[in-house]
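The values are calculated or read from the model by the stated rules, or taken from the named source; none is laboratory data. Quantities reported herein were computed from a predicted structural model and do not represent experimental measurements. Ideal geometry is used to build each Cβ from the backbone, glycine not excepted, and the neighbour counts take in all protein chains shown. For the accessible areas, the whole protein counts, side chains as well, though only heavy atoms, and no ligand, DNA or RNA atoms are used. Shrake-Rupley method; radii C 1.70, N 1.55, O 1.52, S 1.80 Å.
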Amino acid sequence: MKMSKKVSILSLVCAVSLAFWGCGEDKTQEVYKVKFAHVVSANTPKGQAADFFAKRVDELSGGKIKVEVFPSAQLVDDDKVFQELTRNNVQMAAPSFSKFTPIAKEFNIWDIPFLFRDTTHLHKVMDGEVGQILKDTISKRGVVALDYWDAGFKQFSTNKKPIVVPDDAKGQKIRIMSSKVLEEQIRAIGAIPQVLPFGEVYSALSTGVVDGAENPLSNLYNSKFYEVQSSITLSNHGYLGYLVVVSDGFWKQLPDDLRDIFKQALHEATEFERDESAKEEKLLLEKLKKDDATKTEIFTLNDEQIALWKQTMEAIYPKFYDIVSKDLIDKVLQVQ
(Lines give C-alpha, C1' and ligand atoms only; values in the text may rest on other atoms or scores of the structure.)
Protein backbone atom coordinates (compact mmCIF):
# COMPACT_ATOMS: atom_id res chain seq x y z
CA MET A 1 0.00 0.00 0.00
CA LYS A 2 2.83 2.38 0.90
CA MET A 3 4.57 1.39 -2.30
CA SER A 4 1.45 2.22 -4.31
CA LYS A 5 1.27 5.70 -2.74
CA LYS A 6 4.93 6.30 -3.55
CA VAL A 7 4.34 5.30 -7.18
CA SER A 8 1.32 7.59 -7.40
CA ILE A 9 3.23 10.54 -5.94
CA LEU A 10 6.17 9.87 -8.24
CA SER A 11 3.84 9.71 -11.23
CA LEU A 12 2.24 13.01 -10.21
CA VAL A 13 5.62 14.71 -9.80
CA CYS A 14 6.81 13.40 -13.15
CA ALA A 15 3.60 14.54 -14.86
CA VAL A 16 4.03 18.07 -13.48
CA SER A 17 7.73 18.06 -14.34
CA LEU A 18 7.01 16.80 -17.80
CA ALA A 19 4.89 19.85 -18.52
CA PHE A 20 7.69 22.20 -17.55
CA TRP A 21 11.02 20.42 -17.94
CA GLY A 22 10.38 17.28 -19.93
CA CYS A 23 11.12 14.83 -17.04
CA GLY A 24 13.61 12.82 -19.04
CA GLU A 25 11.91 13.65 -22.35
CA ASP A 26 14.20 13.72 -25.40
CA LYS A 27 14.73 17.46 -26.03
CA THR A 28 15.49 16.75 -29.68
CA GLN A 29 11.74 16.23 -30.13
CA GLU A 30 10.87 19.72 -28.92
CA VAL A 31 9.21 22.00 -31.49
CA TYR A 32 10.27 25.66 -31.57
CA LYS A 33 7.52 27.98 -32.74
CA VAL A 34 8.32 31.29 -34.44
CA LYS A 35 6.00 34.20 -35.15
CA PHE A 36 7.44 36.16 -38.11
CA ALA A 37 5.80 39.59 -38.33
CA HIS A 38 6.26 41.96 -41.26
CA VAL A 39 4.32 44.90 -42.70
CA VAL A 40 4.20 44.30 -46.46
CA SER A 41 1.84 42.11 -48.45
CA ALA A 42 2.55 38.43 -48.98
CA ASN A 43 3.03 38.86 -52.76
CA THR A 44 6.01 41.23 -52.44
CA PRO A 45 9.61 39.93 -52.58
CA LYS A 46 9.87 40.29 -48.80
CA GLY A 47 6.54 38.56 -48.24
CA GLN A 48 7.43 35.72 -50.60
CA ALA A 49 10.85 35.31 -48.95
CA ALA A 50 9.26 35.10 -45.50
CA ASP A 51 7.03 32.28 -46.73
CA PHE A 52 10.00 30.62 -48.47
CA PHE A 53 11.96 30.73 -45.21
CA ALA A 54 9.07 29.26 -43.20
CA LYS A 55 8.80 26.30 -45.59
CA ARG A 56 12.56 25.77 -45.90
CA VAL A 57 13.38 25.88 -42.18
CA ASP A 58 10.59 23.37 -41.55
CA GLU A 59 12.12 21.05 -44.17
CA LEU A 60 15.70 21.38 -42.95
CA SER A 61 14.79 20.99 -39.28
CA GLY A 62 12.53 18.01 -39.84
CA GLY A 63 9.62 19.95 -38.37
CA LYS A 64 11.47 21.05 -35.23
CA ILE A 65 11.18 24.73 -36.20
CA LYS A 66 7.71 25.91 -37.15
CA VAL A 67 7.37 29.46 -38.51
CA GLU A 68 4.02 31.23 -38.79
CA VAL A 69 4.19 34.33 -40.99
CA PHE A 70 2.00 37.38 -40.29
CA PRO A 71 2.14 39.78 -43.30
CA SER A 72 0.64 43.26 -43.75
CA ALA A 73 1.09 44.23 -40.07
CA GLN A 74 -1.55 41.66 -39.05
CA LEU A 75 0.25 41.00 -35.78
CA VAL A 76 2.18 44.23 -35.10
CA ASP A 77 3.57 47.13 -37.14
CA ASP A 78 7.25 48.00 -37.34
CA ASP A 79 6.92 50.95 -34.95
CA LYS A 80 6.09 48.54 -32.11
CA VAL A 81 7.83 45.37 -33.22
CA PHE A 82 11.05 45.94 -31.22
CA GLN A 83 9.06 46.05 -27.99
CA GLU A 84 7.38 42.76 -28.90
CA LEU A 85 10.70 41.18 -29.89
CA THR A 86 12.34 42.07 -26.57
CA ARG A 87 9.33 40.55 -24.78
CA ASN A 88 9.58 37.49 -27.04
CA ASN A 89 5.93 37.89 -28.05
CA VAL A 90 7.25 38.03 -31.61
CA GLN A 91 10.31 35.95 -32.50
CA MET A 92 11.17 37.32 -35.95
CA ALA A 93 10.76 40.51 -38.00
CA ALA A 94 12.27 42.37 -40.97
CA PRO A 95 11.91 46.13 -40.37
CA SER A 96 13.18 48.72 -42.84
CA PHE A 97 16.51 50.36 -42.04
CA SER A 98 14.86 53.62 -40.98
CA LYS A 99 13.26 51.82 -38.01
CA PHE A 100 16.73 51.04 -36.61
CA THR A 101 18.11 54.59 -36.62
CA PRO A 102 16.56 55.59 -33.24
CA ILE A 103 18.45 52.76 -31.53
CA ALA A 104 21.59 52.81 -33.69
CA LYS A 105 22.47 56.08 -35.42
CA GLU A 106 25.01 54.20 -37.57
CA PHE A 107 22.08 52.87 -39.61
CA ASN A 108 21.77 56.32 -41.18
CA ILE A 109 24.60 55.17 -43.44
CA TRP A 110 22.07 53.52 -45.75
CA ASP A 111 20.50 56.94 -46.45
CA ILE A 112 23.73 58.60 -47.59
CA PRO A 113 23.24 59.49 -51.28
CA PHE A 114 25.41 57.93 -54.00
CA LEU A 115 27.42 56.00 -51.41
CA PHE A 116 26.74 52.66 -53.12
CA ARG A 117 27.96 52.31 -56.70
CA ASP A 118 25.57 49.53 -57.72
CA THR A 119 23.82 46.44 -56.36
CA THR A 120 27.00 44.36 -56.44
CA HIS A 121 28.85 46.95 -54.34
CA LEU A 122 25.87 47.24 -52.00
CA HIS A 123 25.70 43.51 -51.33
CA LYS A 124 29.45 43.30 -50.75
CA VAL A 125 29.06 46.02 -48.11
CA MET A 126 26.09 44.27 -46.51
CA ASP A 127 27.72 40.85 -46.45
CA GLY A 128 31.15 42.12 -45.42
CA GLU A 129 32.83 43.99 -42.56
CA VAL A 130 30.55 47.05 -42.55
CA GLY A 131 27.39 44.96 -42.60
CA GLN A 132 28.67 42.92 -39.66
CA ILE A 133 29.64 46.03 -37.67
CA LEU A 134 26.09 47.33 -38.08
CA LYS A 135 24.54 43.97 -37.16
CA ASP A 136 26.72 43.80 -34.03
CA THR A 137 25.48 47.25 -33.03
CA ILE A 138 21.86 46.11 -33.28
CA SER A 139 22.57 42.83 -31.49
CA LYS A 140 23.51 44.82 -28.37
CA ARG A 141 19.94 46.15 -28.21
CA GLY A 142 18.06 42.99 -27.22
CA VAL A 143 17.55 41.54 -30.69
CA VAL A 144 19.82 39.39 -32.86
CA ALA A 145 20.56 40.76 -36.35
CA LEU A 146 20.92 38.11 -39.07
CA ASP A 147 20.50 39.01 -42.78
CA TYR A 148 19.86 42.00 -45.05
CA TRP A 149 17.03 41.97 -47.60
CA ASP A 150 16.48 44.34 -50.53
CA ALA A 151 13.73 46.86 -51.12
CA GLY A 152 15.52 48.68 -53.93
CA PHE A 153 17.31 51.83 -54.96
CA LYS A 154 15.39 55.09 -54.87
CA GLN A 155 14.44 57.24 -57.84
CA PHE A 156 13.40 60.89 -58.04
CA SER A 157 9.99 61.88 -59.41
CA THR A 158 8.40 65.30 -59.81
CA ASN A 159 5.52 67.33 -61.26
CA LYS A 160 7.76 70.19 -62.25
CA LYS A 161 11.07 70.30 -64.11
CA PRO A 162 12.52 66.76 -64.42
CA ILE A 163 15.32 66.23 -61.89
CA VAL A 164 18.11 65.02 -64.17
CA VAL A 165 21.00 67.07 -62.76
CA PRO A 166 21.19 68.57 -59.24
CA ASP A 167 20.32 72.11 -60.35
CA ASP A 168 16.99 70.87 -61.75
CA ALA A 169 15.74 70.35 -58.19
CA LYS A 170 16.17 73.98 -57.06
CA GLY A 171 13.06 75.32 -55.35
CA GLN A 172 11.12 72.08 -55.64
CA LYS A 173 9.40 70.65 -52.56
CA ILE A 174 10.51 67.02 -52.18
CA ARG A 175 8.86 64.57 -49.81
CA ILE A 176 11.24 62.49 -47.68
CA MET A 177 11.12 60.18 -44.68
CA SER A 178 12.21 61.67 -41.36
CA SER A 179 16.02 61.65 -41.59
CA LYS A 180 18.73 64.25 -41.02
CA VAL A 181 20.76 62.67 -43.80
CA LEU A 182 17.88 62.95 -46.27
CA GLU A 183 17.24 66.55 -45.26
CA GLU A 184 20.87 67.43 -46.02
CA GLN A 185 20.63 65.56 -49.32
CA ILE A 186 17.62 67.60 -50.46
CA ARG A 187 19.09 70.91 -49.30
CA ALA A 188 22.36 70.15 -51.13
CA ILE A 189 20.49 70.28 -54.45
CA GLY A 190 18.62 73.46 -53.58
CA ALA A 191 15.28 71.75 -52.98
CA ILE A 192 13.00 72.01 -49.94
CA PRO A 193 12.66 68.83 -47.84
CA GLN A 194 9.13 67.95 -46.73
CA VAL A 195 8.67 65.18 -44.15
CA LEU A 196 5.33 63.39 -44.63
CA PRO A 197 3.89 59.99 -43.63
CA PHE A 198 3.89 57.56 -46.53
CA GLY A 199 0.11 57.29 -46.48
CA GLU A 200 -0.21 61.01 -47.30
CA VAL A 201 2.22 61.08 -50.23
CA TYR A 202 -0.21 60.40 -53.09
CA SER A 203 -2.59 63.13 -51.95
CA ALA A 204 0.27 65.58 -51.37
CA LEU A 205 1.66 64.95 -54.87
CA SER A 206 -1.81 65.24 -56.38
CA THR A 207 -2.67 68.56 -54.73
CA GLY A 208 0.76 70.17 -55.07
CA VAL A 209 1.54 70.20 -51.34
CA VAL A 210 4.81 68.68 -52.53
CA ASP A 211 6.24 68.66 -56.05
CA GLY A 212 8.18 65.43 -55.96
CA ALA A 213 9.43 62.50 -53.96
CA GLU A 214 12.05 59.74 -53.81
CA ASN A 215 10.95 56.11 -53.93
CA PRO A 216 11.99 52.69 -55.18
CA LEU A 217 10.10 51.55 -58.28
CA SER A 218 7.91 49.27 -56.15
CA ASN A 219 6.45 52.28 -54.35
CA LEU A 220 6.18 54.34 -57.52
CA TYR A 221 4.19 51.62 -59.23
CA ASN A 222 2.21 49.91 -56.48
CA SER A 223 1.13 53.21 -54.89
CA LYS A 224 0.45 54.68 -58.35
CA PHE A 225 2.55 57.77 -57.73
CA TYR A 226 3.21 57.87 -61.48
CA GLU A 227 -0.41 59.02 -61.90
CA VAL A 228 0.43 62.31 -60.19
CA GLN A 229 4.01 62.81 -61.40
CA SER A 230 5.08 64.06 -64.83
CA SER A 231 8.59 62.56 -64.73
CA ILE A 232 10.68 59.85 -63.09
CA THR A 233 14.47 59.88 -63.06
CA LEU A 234 16.24 56.54 -62.64
CA SER A 235 18.83 58.10 -60.36
CA ASN A 236 19.53 55.17 -57.99
CA HIS A 237 20.72 57.86 -55.59
CA GLY A 238 19.75 56.15 -52.34
CA TYR A 239 18.75 52.77 -51.03
CA LEU A 240 15.97 51.16 -49.02
CA GLY A 241 16.41 47.79 -47.35
CA TYR A 242 15.40 45.51 -44.49
CA LEU A 243 17.27 43.77 -41.69
CA VAL A 244 15.97 40.39 -40.55
CA VAL A 245 16.15 40.12 -36.77
CA VAL A 246 15.09 37.59 -34.15
CA SER A 247 14.25 37.83 -30.48
CA ASP A 248 17.26 37.41 -28.20
CA GLY A 249 15.16 35.29 -25.84
CA PHE A 250 14.17 32.92 -28.64
CA TRP A 251 17.72 32.72 -30.03
CA LYS A 252 19.23 31.81 -26.66
CA GLN A 253 16.85 28.88 -26.16
CA LEU A 254 17.44 27.49 -29.66
CA PRO A 255 20.00 24.61 -29.63
CA ASP A 256 23.22 25.17 -31.61
CA ASP A 257 22.40 22.61 -34.29
CA LEU A 258 19.01 24.23 -34.93
CA ARG A 259 20.62 27.69 -35.00
CA ASP A 260 22.82 26.47 -37.85
CA ILE A 261 19.77 25.14 -39.68
CA PHE A 262 17.91 28.39 -39.03
CA LYS A 263 20.79 30.44 -40.49
CA GLN A 264 21.12 28.15 -43.50
CA ALA A 265 17.41 28.44 -44.31
CA LEU A 266 17.57 32.21 -43.86
CA HIS A 267 20.61 32.45 -46.12
CA GLU A 268 18.68 30.63 -48.84
CA ALA A 269 15.70 32.93 -48.26
CA THR A 270 17.98 35.97 -48.53
CA GLU A 271 19.28 34.84 -51.92
CA PHE A 272 15.69 34.21 -53.00
CA GLU A 273 14.51 37.64 -51.78
CA ARG A 274 17.32 39.51 -53.51
CA ASP A 275 16.67 37.67 -56.78
CA GLU A 276 12.94 38.35 -56.58
CA SER A 277 13.56 42.01 -55.78
CA ALA A 278 15.79 42.39 -58.85
CA LYS A 279 13.21 40.63 -61.05
CA GLU A 280 10.43 42.84 -59.71
CA GLU A 281 12.39 46.00 -60.43
CA LYS A 282 12.83 45.06 -64.09
CA LEU A 283 9.18 44.04 -64.36
CA LEU A 284 7.92 47.25 -62.75
CA LEU A 285 10.04 49.42 -65.03
CA GLU A 286 8.48 47.72 -68.04
CA LYS A 287 5.03 48.16 -66.53
CA LEU A 288 5.67 51.84 -65.91
CA LYS A 289 6.62 52.29 -69.55
CA LYS A 290 3.69 50.23 -70.81
CA ASP A 291 0.78 50.68 -68.41
CA ASP A 292 1.07 54.36 -67.48
CA ALA A 293 -1.87 56.12 -69.15
CA THR A 294 -0.58 59.48 -67.85
CA LYS A 295 2.58 59.11 -69.99
CA THR A 296 5.01 59.94 -67.21
CA GLU A 297 8.41 60.63 -68.81
CA ILE A 298 11.26 58.38 -67.65
CA PHE A 299 14.87 59.61 -67.65
CA THR A 300 18.06 57.55 -67.31
CA LEU A 301 21.26 59.26 -66.18
CA ASN A 302 24.37 59.09 -68.35
CA ASP A 303 27.91 58.78 -66.96
CA GLU A 304 28.53 62.54 -66.99
CA GLN A 305 25.30 63.24 -65.09
CA ILE A 306 26.07 60.53 -62.53
CA ALA A 307 29.53 62.03 -61.97
CA LEU A 308 27.95 65.44 -61.35
CA TRP A 309 25.53 63.96 -58.80
CA LYS A 310 28.33 62.15 -57.00
CA GLN A 311 30.46 65.29 -56.88
CA THR A 312 27.56 67.27 -55.39
CA MET A 313 26.71 64.66 -52.78
CA GLU A 314 30.23 63.70 -51.76
CA ALA A 315 30.78 67.36 -50.82
CA ILE A 316 28.26 66.98 -47.97
CA TYR A 317 29.61 63.68 -46.57
CA PRO A 318 31.50 65.51 -43.76
CA LYS A 319 28.10 66.66 -42.44
CA PHE A 320 27.33 63.02 -41.69
CA TYR A 321 30.47 62.28 -39.66
CA ASP A 322 28.74 63.06 -36.35
CA ILE A 323 25.86 60.75 -37.31
CA VAL A 324 27.79 58.04 -39.11
CA SER A 325 31.53 57.92 -38.44
CA LYS A 326 33.98 58.92 -41.17
CA ASP A 327 35.68 55.57 -40.65
CA LEU A 328 32.49 53.67 -41.50
CA ILE A 329 31.84 55.78 -44.61
CA ASP A 330 35.44 55.29 -45.74
CA LYS A 331 35.13 51.53 -45.25
CA VAL A 332 32.12 51.52 -47.60
CA LEU A 333 33.94 53.55 -50.23
CA GLN A 334 36.95 51.20 -50.06
CA VAL A 335 34.91 48.05 -50.78
CA GLN A 336 35.75 46.83 -54.29
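Here are a few things to note about the model shown:
- Distance between the pseudo-spin-label points of Thr207 and Ser223 (7 Å out from Cα toward the beta carbon): 1.6 nm.
- At full extension, Phe198 and Lys310 could sit 37.6 nm farther apart than now, given 0.36 nm per residue minus the alpha carbon distance.
- Largest-first ellipsoid semi-axes for region 272-336, taking √(5λ) over the Cα gyration tensor eigenvalues, angstrom: 32, 19, 11
- Working ranking of peptides 171-177, 83-89, 237-243, 29-35 by packing, defined as the average number of other Cβ atoms within 10 Å per residue, highest first, is 237-243, 171-177, 83-89, 29-35.
- Alpha carbon centroid spacing (whole Å) that separates region 56-108 from region 221-272: 10
- For the chain, calculated [θ]222 nm from helices alone, where every DSSP H run of n ≥ 4 adds -39500 (n - 2.57): -13500 deg cm²/dmol
- Cα-based Rg and Dmax for region 156-203, where Dmax is the largest Cα-Cα distance (Å): 10.5, 29
- Distance (nanometres) between label positions extended 7 Å along Cα→Cβ at Asp136 and His121: 2.5
- Relative contact order of the chain, taken over Cα pairs closer than 8 Å and 6 or more residues apart, is 23 percent.
- Kirkwood-based Rg to Rh ratio, the chain, C-alpha trace: 1.09
- Accessible area (Å², per residue) of the chain, counting only protein heavy atoms and a probe of 1.4 Å: 49
- The packing ranking of peptides 319-327, 267-275, highest mean first, is 267-275, 319-327, where packing means the average number of other beta carbon atoms within 10 angstrom of each residue.
- Stokes-Einstein diffusion for region 182-296, with the hydrodynamic radius set to the Kirkwood value over Cα pairs and evaluated at 20 °C in a medium of 1.002 mPa s, equals 124 µm²/s.
- Portion, in percent, of the accessible area of the chain that falls on carbon or sulfur, probe 1.4 Å: 52
- For the set Lys105/Lys160; Lys289/Lys326; Lys173/Lys282, the pairs lying more than 32 angstrom apart at their alpha carbons are Lys105/Lys160; Lys289/Lys326.
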